[in-house]
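Report on one structure; see the data block that follows.
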Amino acid sequence: MARMTMIEAIRDAMDVKMTQDRRVVVFGEDVGYFGGVFRCTQGLQAKHGKERCFDAPINEGGIVGAAVGMATYGLRPCVEIQFADYVFPAYDQITQEAARIRFRSNQDFTCPLVIRMPTGGGIFGGQCHSQSPEACFTHVAGLKVVIPSNPYDAKGLLIAAIEDDDPVIFLEPKRLYNGPFDGHHERKIVPWAQHELGEVPEGHYTVPLGKAIVRRPGADVTVLVYGTMVHVAQAAAEEIGIDAEIIDIRTLLPLDLDTIERSVAKTGRCVIVHEATQTSGFGAELLSVVQEACFYHLEAPIIRVAGYDAPYPYAQEWAYFPGPDRVGRALRDVMEG
Amino acid sequence: MTQTRRPRLHVPEPPARPGQTPSFAHVPLSPAGAVACPPVDVSPEDTKDFASRLIRVLDDEGRAVGSWADFLGASEGDVLRRGLRDMMTTRFLDQRMLLAHRQGKTTNYAASTGEEAITCGFQRMLSPGDMNFPTYRQSGLLVSAGFPLTNFMGLQFGNDLDPLEGKNLPPMHSSKAHGFFTVSGNLATQYVQAVGWAMASAIDGNDRVAAAWIGDGATAEGDFHSALLYASVYRPPVVLNITNNQWAISSFVGIAGGHVPFATRAHGYGLASLRVDGNDFLAVLAVSKWAIARARQGYGPVLIEWVTYRAAAHSTSDDPSVYRPKEEAAAWPLGDPIERLKRHLIAAGEWSEERHEQARVEIEEEVLSAQKEAESRGTMIGGGGGTAPLSAMFEGVYKEMPEHLRRQRQKAGI
Ligand SMILES: Cc1ncc(C[n+]2csc(CCOP(=O)(O)OP(=O)(O)O)c2C)c(N)n1
Ligand SMILES: [Mg+2]
């Protein structure tokens, strides 16, 4: 076991797979010599060579398009998009190509590919470094979508993603890179070294895709959450003293229906939390799933806490970010509902 | 036949990494005055030579030489002194913003140190009604267009002096009145938009000129190539500028395909192109005058590669000593734009060390007093955000606030 930040855990996952499997290649903007603007690929070029870890031109469509080509050849590219906000020039290659190569060729060609990207707010990144575009990908048949909330999961999920035979969108909550963040921006930053999920096994292990996990068992209300908001929801529940069952979704697509249904059937209440804007956000999907499967168990209307339906502002970051106050209010409301 | 050669992946490397001796042998240069000034209606075909040569006006002694100097004409000392002042203001403003960042008063800045001649020179040649489509590294366009420094800093400090009310990341400004299109964080998008704006000017029967701006690294984006295609097909009044400062964060120009000069990109599209010493204020003035006149008179677009060097870090979150030699800036063969213009003005009897020192003091006072005023309205210090109005974050998403957003605001109590 070693203490790792999320950055180190992600780097370690790529290192483990590059060491094990010659087919794994890593590239993206600034990822080669420099090791990425968040340093997730630091040292990989020196260790595995320029042909397996290299810089890419600033052309996201090209990064993903080339990766699709490599994947169909038989490599396992794990590419980085510098910020999730900059993935959109690659949207065509991801949604119309990578996602459908298996289907449209009737499995003649496959596309085992991982596209990593930092997501979410909390770093004063303004409208162009703070977005959470997961729903743009969960709406696409053929993709898998993963969002880890801690170093242990990040490493295990990334290894599983690289080993997966289908394209995986791997969203990394950038505010969690260096420590768990519960939304209390006014408090001192807690490093991962002080968190039990900063304990990361050395070498190979996986956290299976498609499996949610109960972060905190509870009886009163189920909270469905992922990424940074896992920590925010935990803090909110503790602060107001509600016995919430917090489910870290981890893989948004395919969704772990059983874990969700079992929990809501037990608690009879549900709050859904995400940073992304509310309208047509992934919360709408979660809400439908719960409503369909658990309607007769529900004792109160399901509540969503999400980003306001406006672009991410700069100076008003903390008024915009759905922090523990907003989540706490929703928890109270659902208990009264 | 046995095969002896096999393909290998070619991954370009810069000439020097930290600890190695910097080299700019790969940057083609030409002596001052060596590249002739063509007529403004020159055919794209006849500009092919220009893409790998370098237009320079100032020689090593600070004299203005060659036909580009003639085209510029006896440039009044006032225009040059104004340019010097704008460049000095931009540089000091950059320094102050970097310092403010270290003090926690702002969270992001991108300095244009060493690149000031391009923005401050080009802006001088634009007319009211023209429009820049800039990047985040172009404070000089705003400074030389007379954008108030207090508003500039208001955005940096996230306070109520920010005309954008805290909505955009610094230093991504917007000011239609100053010919400065709203800056996007998403690279290259503005480049093709500039072409569209110029197409609109043509459709409208107008002669307003658009200036597209992009960095060397961002020319790799598809939008850059779309822009060249649209410019080539519709020939609208647009000047397509590339600021080649040799680096895109940690990636040297070779990663963007810069082993051939970026100016040559124009040729495949049948566009005219020029390659210019971007640290030579007189060359910038002359070529800007030429390109803007060409566009305004309907002779079509031109692509200009401004050759310069990013002397500063990419931004406040970057440490270039990790990926390039510290001595690289000093090895840059085209010198410093402020020093070069100063030398020229002194050689021409239009300036002196004393006047320079006096100007420096005045500029510093002007910037510092603007900063004092701007800081009095609040900064980003403490990590809690700025003092810009909270309600602004719900406003301006649409012309009229839709019901769902109105309810969200109400619930937020803002
Ligand atoms: C679409 C997109 N991809 C990636 C980025 C991240 N990014 C910001 S600046 C930059 C480098 C740009 O270099 P260059 O175009 O040379 O301009 P310079 O910073 O040198 O002025 C990168 C990769 C971005 N902002 N937008
Ligand atoms: Mg550059």
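The values are calculated or read from the model by the stated rules, or taken from the named source; none is laboratory data. Computed from a prediction, not measured in an experiment: that's the story for all the values here. Cβ: placed from backbone, ideal geometry, glycine included. Neighbour counts: every protein chain shown. Heads up: the accessible areas ignore ligands, DNA and RNA and are worked out on the full protein's heavy atoms, side chains in. Shrake-Rupley method; radii C 1.70, N 1.55, O 1.52, S 1.80 Å.
Restricting attention to segment A:222-281, the residues that are more than 14 Å from chain B (Cβ to nearest Cβ), open to solvent by 50 Å² or more (accessible area, probe 1.4 Å) and of a type in the set (Gly, Ala, Ser) total 1. Scanning segment B:181-196 turns up no residue that is within 16 Å of ligand 2 (Cβ to nearest atom), outside any loop (DSSP other than H, G, I, E, B) and touching a residue at least 60 places away in the same chain (Cβ under 8 Å).
For segment A:285-301, check the following and say yes or no: at least one residue is open to solvent by 10 Å² or more (accessible area, probe 1.4 Å), within 14 Å of chain B (Cβ to nearest Cβ) and of a type in the set (A, V, I, L, M, F, W, C). Scanning segment A:285-301, I find no residue that is open to solvent by 10 Å² or more (accessible area, probe 1.4 Å), within 14 Å of chain B (Cβ to nearest Cβ) and of a type in the set (A, V, I, L, M, F, W, C), so the answer is no. Selection of segment B:251-278 for residues being polar (S, T, N, Q) and within 14 Å of chain A (Cβ to nearest Cβ) yields only B:Ser251.
For B:Asn186, state whether it is away from ligand 1 (no atom under 16 Å from the Cβ), of a type outside the set (A, V, I, L, M) and farther than 30 Å from B:Ala25 by Cβ. When the stated conditions are applied, B:Asn186 does not pass them. With respect to the conditions (1) more than 16 Å from ligand 2 (Cβ to nearest atom); (2) open to solvent by less than 40 Å² (accessible area, probe 1.4 Å); (3) hydroxyl-bearing (Ser, Thr, Tyr); (4) not in a helix (DSSP H, G or I), B:Thr90 lacks only one, and its number is (4).
Output the number of residues of segment B:93-119 satisfying the condition of being part of a helix (DSSP H, G or I), closer than 30 Å to B:Gly378 by Cβ and not acidic (Asp, Glu). Of the residues in segment B:93-119, 10 are part of a helix (DSSP H, G or I), closer than 30 Å to B:Gly378 by Cβ and not acidic (Asp, Glu).
Restricting attention to segment B:254-306, the residues that are open to solvent by 10 Å² or more (accessible area, probe 1.4 Å), over 18 Å from B:Ser226 (Cβ atoms) and charged (D, E, K, R) total 2.
Filtering A:Arg11, A:Arg22, A:Arg39 for residues that are over 22 Å from B:Pro18 (Cβ atoms) and either assigned by TED's automatic domain parsing to the domain that holds A:Arg116 or part of a helix (DSSP H, G or I) (or both) leaves a single hit, A:Arg22. The single residue among A:Ser130, A:Ser149 that is among the hydroxyl-bearing types (Ser, Thr, Tyr), open to solvent by less than 30 Å² (accessible area, probe 1.4 Å) and either within 16 Å of ligand 2 (Cβ to nearest atom) or over 26 Å from A:Thr19 (Cα atoms) (or both) turns out to be A:Ser130. Of the residues making up segment B:229-245, those that are more than 10 Å from ligand 1 (Cβ to nearest atom) and open to solvent by less than 10 Å² (accessible area, probe 1.4 Å) number 6. Just to be sure, is B:Ala370 open to solvent by less than 30 Å² (accessible area, probe 1.4 Å), away from chain A (no Cβ under 14 Å), under 24 Å from B:Ala64 (Cβ atoms) and assigned to a helix (DSSP H, G or I)? In short, no. Being open to solvent by 10 Å² or more (accessible area, probe 1.4 Å) and away from chain B (no Cβ under 14 Å) is the requirement here; does A:His204 meet it? For A:His204, the condition - open to solvent by 10 Å² or more (accessible area, probe 1.4 Å) and away from chain B (no Cβ under 14 Å) - is met. So for segment A:48-58 (the condition being assigned to a loop (DSSP other than H, G, I, E, B), out of contact with any Asp or Glu (no Cβ under 6 Å at 6 or more places or on another chain) and aromatic (Phe, Trp, Tyr)), does at least one residue qualify? No, because not a single residue in segment A:48-58 is assigned to a loop (DSSP other than H, G, I, E, B), out of contact with any Asp or Glu (no Cβ under 6 Å at 6 or more places or on another chain) and aromatic (Phe, Trp, Tyr). Scanning for something within 8 Å of chain A (Cβ to nearest Cβ) and either open to solvent by less than 80 Å² (accessible area, probe 1.4 Å) or of a type in the set (S, T, N, Q) (or both), does segment B:373-380 turn up at least one residue? Yes. Counted as qualifying within segment A:68-169 are the helices (runs of 4 or more DSSP H) with 2 or more residues that are of a type in the set (Asp, Glu), namely A:151-163. Based on this model, can you work out whether B:Ile214 counts as in a strand (DSSP E or B) and closer than 23 Å to A:Val31 by Cβ? So B:Ile214 fits the description; yes. Considering each residue of segment A:17-34 in turn, none proves to be within 13 Å of chain B (Cβ to nearest Cβ), on the phi > 0 side of the Ramachandran plot, without any contact (Cβ under 8 Å) to a residue 24 or more places away in the chain and surrounded by fewer than 23 Cβ atoms within 10 Å (Cβ to Cβ). Taking the numbered list (1) within 14 Å of chain B (Cβ to nearest Cβ); (2) surrounded by 24 or more Cβ atoms within 10 Å (Cβ to Cβ); (3) away from ligand 1 (no atom under 16 Å from the Cβ) in turn, A:Tyr73 passes all entries but (2). Inclusion of B:Arg310 among residues that are in contact (Cβ under 8 Å) with a residue 40 or more places away in the chain, crowded, with 24+ Cβ neighbours inside 10 Å and under 13 Å from B:Trp247 (Cβ atoms) is warranted.
Quick check on my filter: what residues within segment B:313-358 are within 14 Å of chain A (Cβ to nearest Cβ) and open to solvent by 70 Å² or more (accessible area, probe 1.4 Å)? Residues satisfying the conditions are B:Ser317, B:Asp319.
For segment B:242-265, does any single residue satisfy the condition of being within 16 Å of ligand 2 (Cβ to nearest atom), in contact (Cβ under 8 Å) with a residue 60 or more places away in the chain, of a type outside the set (Phe, Trp, Tyr) and within 21 Å of B:Asp70 (Cα to Cα)? No - not one qualifying residue is present in segment B:242-265. When B:Trp290, B:Trp306 are screened for being away from chain A (no Cβ under 14 Å), in contact with a Gly (Cβ under 8 Å, 6 or more places away or on another chain), under 30 Å from B:His267 (Cβ atoms) and not in a loop (DSSP other than H, G, I, E, B), only B:Trp306 passes.
Determine whether A:Arg102 is more than 11 Å from chain B (Cβ to nearest Cβ), open to solvent by 60 Å² or more (accessible area, probe 1.4 Å) and in contact (Cβ under 8 Å) with a residue 40 or more places away in the chain. When the stated conditions are applied, A:Arg102 passes them. Screening B:Ser226 with (1) open to solvent by less than 20 Å² (accessible area, probe 1.4 Å); (2) of a type outside the set (Lys, Arg); (3) assigned to a helix (DSSP H, G or I) gives one miss only, at (1). Could you please let me know if B:Ala248 is within 14 Å of chain A (Cβ to nearest Cβ), within 8 Å of ligand 1 (Cβ to nearest atom) and within 19 Å of B:Val322 (Cβ to Cβ)? Here the answer is yes, as B:Ala248 does meet what is asked. Take B:Val183 and decide whether it is more than 14 Å from chain A (Cβ to nearest Cβ) and either under 18 Å from the mean Cα position of the chain (by Cα) or more than 30 Å from A:Val31 (Cβ to Cβ) (or both). So B:Val183 fails the test. Checked against (1) within 15 Å of ligand 1 (Cβ to nearest atom); (2) open to solvent by 20 Å² or more (accessible area, probe 1.4 Å), B:Asp204 passes all but a single condition, namely (1).
Residue by residue through segment B:138-169, note down the ones that are away from chain A (no Cβ under 14 Å) and of a type in the set (A, V, I, L, M, F, W, C). Result: B:Leu141, B:Leu142, B:Val143, B:Ala145, B:Phe147, B:Leu149, B:Phe152.
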